[in-house]
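Asker: Got a structure here, written out as structure tokens. Questions coming.
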Amino acid sequence: MSTNHLIPLARLDTAIRRVVRGFGSRPEEVEAVAANLIEANLKGHDSHGIGMLPRYAEAFVEGGLKTNASVSTVLDAGALLRLDGNAGFGQVIGAQAMALGIERARRHGCCTVALGNAHHLGRIGAWAEQAAAAGLVSMHFVNVIARPIVAPYGGADARFGTNPFCAGVPMQGRAPVILDFATSMIAQGKTRVAYNKGETVAPGCLIDDRGQPTQNPRYSVVPPIGALLTFGGHKGAGLAMMCELLGGALAAGMTQRTPGGVERRVLNGMLSVLVDPAALGDRAAFEAEALSFLDWAQASPPREGFGHVQVAGDAERTWKAERTESGVPVDATTWAEILRAAGLLGVDPAAVQQDAGLA
Ligand SMILES: NC(=O)c1ccc[n+]([C@@H]2O[C@H](COP(=O)([O-])OP(=O)(O)OC[C@H]3O[C@@H](n4cnc5c(N)ncnc54)[C@H](O)[C@@H]3O)[C@@H](O)[C@H]2O)c1
């Protein structure tokens, strides 16, 4: 089992910004990528935080990730936008796509944004949070173009990605409800984190390369690769399929149906639907009803083993408060990989180590 470093937020910020500058990114891109990745760690999703940087560095060196790219508009039909992410950093492309969708949803009451060819969009909740901050409800169906890693229901090998689904609802005077998860039992990055820490994964998440159940995360990290299982039986598997059909076939014009492949890039397709509650009727009535429902649901007496009924988004806010205060834990294997990635990008690993206070 590898040890954890606990890195104070300000130090981590400095260290990660130094690494990201190695991509040759403009200052705004450095800021967007570093802030988004660190935010994922702060919110408890280490799988989509700074531990992605080694993968990004390899994709960049291979030519699959383009720096300083922007979205281009392929189709503009008012409340329908089709965008190409030009294989740019998802942290920038996702924010630009949402900004365009937000402006249109304010103008037309709703907007459907079909985004294809974005490099890894990271934590999809970030995009629902951006929409919620603008007062909009949003839904996001996402597919993943990389090595297939998730088996279809009843299948014994991997046919698609961890296809996240996300929805966000702004709440008057309270934090928004942000439901954001991979449709696999666990996000693939969580198997990487478990593998790096020398831990096993929970039963029922993974099959090996012969289709047999296993708890060894290696079968999702190093060949021979098995497959993650979808959550919730045929229902979760159905949602995963919808993410591929909507985020992939419809939005991106590209689905995951090729085996293997050596490329390190990760592309996402995302179909986002943004709705302005005010345009749909009485905003105040919606807000009052939504708040009353949350209060009603949360008044349910806790079952044995549960503290209280939580709302989607609460867990991330709790993690963020804790980690902002006490620092971000980074396991030693992941940190070593980040230092190697720095070297790959021409950044002095010793300086990164010093920034993080680990020298
Ligand atoms: N870009 C990509 O290709 C890609 C692919 C897969 C996953 N992801 C991201 O990975 C991240 C992690 O996904 P995951 O599947 O591990 O998430 P998860 O299993 O931790 O589920 C997170 C969701 O469940 C909610 N939640 C957690 N505990 C709860 C409780 N007790 N009561 C009510 N709600 C609760 C959270 O608020 C959140 O909305 C997500 O941000 C997702 O977008 C991205």
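The values are calculated or read from the model by the stated rules, or taken from the named source; none is laboratory data. Computed from a predicted structure; not experimentally measured. Glycine also receives a Cβ, built like all others from the backbone with ideal geometry; neighbour counts cover every protein chain displayed. Calculation scope for accessible area: heavy atoms of the full protein, side chains included, ligands and nucleic acids excluded. Shrake-Rupley method; radii C 1.70, N 1.55, O 1.52, S 1.80 Å.
Asker: Using a 1.4 Å probe and ignoring any ligands, DNA or RNA, find the accessible area of Met185 and quote it in Å² to the nearest 10.
Answerer: Answer for Met185: close to 80 Å² accessible.
Asker: How large is the charge dipole for segment 4-355, taken about the Cα centre, if only the Cβ atoms of Lys, Arg (+1) and Asp, Glu (-1) carry charge, to the nearest 20 debye? Write out the running numbers ahead of the final one.
Answerer: Values: 31 positive and 33 negative charges, 107 e Å.
The calculated dipole for segment 4-355 is roughly 520 debye.
Asker: Over the chain, calculate the relative contact order: mean separation of alpha carbon pairs under 8 Å at least 6 apart, over the residue count, as a percent. Walk me through the intermediate numbers first.
Answerer: Values: 803 pairs, mean separation 90.0, N = 359.
Over the chain, the number comes to 25 percent.
Asker: Let me ask you something else. If I stretch the segment between Tyr153 and Glu325 completely, what's the gain in nm (0.36 nm per residue apart, minus their alpha carbon distance), one decimal? Don't skip to the answer; put the middle values down first.
Answerer: Numbers: separation 172, 0.36 × 172 = 61.92 nm, distance 4.18 nm.
Residue separation times 0.36 nm, minus the Cα-Cα distance, leaves 57.7 nm.
Asker: At a threshold of 8 angstrom on Cα-Cα distance, excluding pairs fewer than six apart, so keeping six or more, what relative contact order does segment 213-359 reach in percent? Before the final figure, lay out each step's value.
Answerer: Values: 58 pairs, mean separation 12.0, N = 147.
It rounds to 8 percent for segment 213-359.
Asker: Expected output is a single nm value to one decimal: the length gained when fully extending between Leu6 and Ala285, i.e. 0.36 nm times separation in residues minus the C-alpha distance. What is it?
Answerer: Stretched out fully, the Leu6 to Ala285 stretch lengthens by 95.9 nm.
Asker: Further question on the same structure: When only the heavy atoms of the protein chains count and the probe is 1.4 Å, how do Asp13, Asp209 rank by accessible area, highest first?
Answerer: On the way: Asp13 45, Asp209 75 Å².
From most exposed to least exposed: Asp209, Asp13.
Asker: If the cut-off is a Cα-Cα distance under 17 Å, which aspartates and glutamates reach Lys43, setting aside same-chain residues fewer than 8 apart in sequence?
Answerer: Lys43 reaches Asp13, Glu129, Asp180, Asp314, Glu316, Glu322, Glu325, Asp331.
Asker: Okay, next question. Could you work out how much longer the chain between Ser300 and Glu263 gets when fully extended? Use 0.36 nm per residue separation minus the Cα distance between them, nm to one decimal. If you can, show how the numbers build up before the last one.
Answerer: On the way: separation 37, 0.36 × 37 = 13.32 nm, distance 4.84 nm.
In short, 8.5 nm is gained.
Asker: Keeping the other protein chains in place, figure out the carbon and sulfur percent of the accessible area of the chain, with a 1.4 Å probe. Display every interim value, and only then the final one.
Answerer: Working: 9100 of 15810 Å².
Answer for the chain is 58 percent, counting heavy atoms of protein chains only.
Asker: What accessible surface, in Å², does a 1.4 Å probe find on Phe293, ignoring ligands, DNA and RNA and rounding to the nearest 10?
Answerer: The accessible area of Phe293 comes to roughly 120 Å².
Asker: Still on this structure, I have one more. Residues of segment 54-98 with amide nitrogen under 14 Å from the 7 Å Cα-to-Cβ point of His108?
Answerer: Counting only backbone N, you get 74-83.
Asker: Rounded if a/c is under 1.5, else prolate if a/b beats b/c, else oblate: with a ≥ b ≥ c from the C-alpha gyration tensor eigenvalues square-rooted, which is segment 4-355? All intermediate terms of the calculation are to be shown ahead of the outcome.
Answerer: Working: a/c = 1.27, a/b = 1.21, b/c = 1.05.
Note, shape of segment 4-355 comes out rounded.
Asker: What figure in square angstrom, to the nearest 10, would you give for the accessible area of Ser70 with a 1.4 Å probe?
Answerer: The value for Ser70 is about 50 Å².
Asker: Continuing with the same structure: Given a 1.4 Å probe and heavy atoms of the protein chains only, how would you sort Trp319, Trp127, largest accessible area at the top? Could you put the intermediate results ahead of the total?
Answerer: On the way: Trp319 110, Trp127 10 Å².
The ranking, largest first, comes out as Trp319, Trp127.
Asker: Largest first, what is the accessible-area ranking of Tyr219, Tyr195, Tyr56, Tyr153 with a 1.4 Å probe? Mind showing how you got there, number by number?
Answerer: Values: Tyr219 45, Tyr195 95, Tyr56 0, Tyr153 155 Å².
These residues rank, largest area first, as Tyr153, Tyr195, Tyr219, Tyr56.
Asker: Something else about it: Convert each backbone phi in segment 77-86 into a coupling constant with the Karplus relation 6.51 cos²θ - 1.76 cosθ + 1.60 (shift: θ = phi - 60°), then list the ³J(HN,Hα) values in order as whole Hz, x for Gly and Pro.
Answerer: Working through the residues one at a time gives 10, x, 8, 10, 10, 10, 10, 10, x, 6 Hz.
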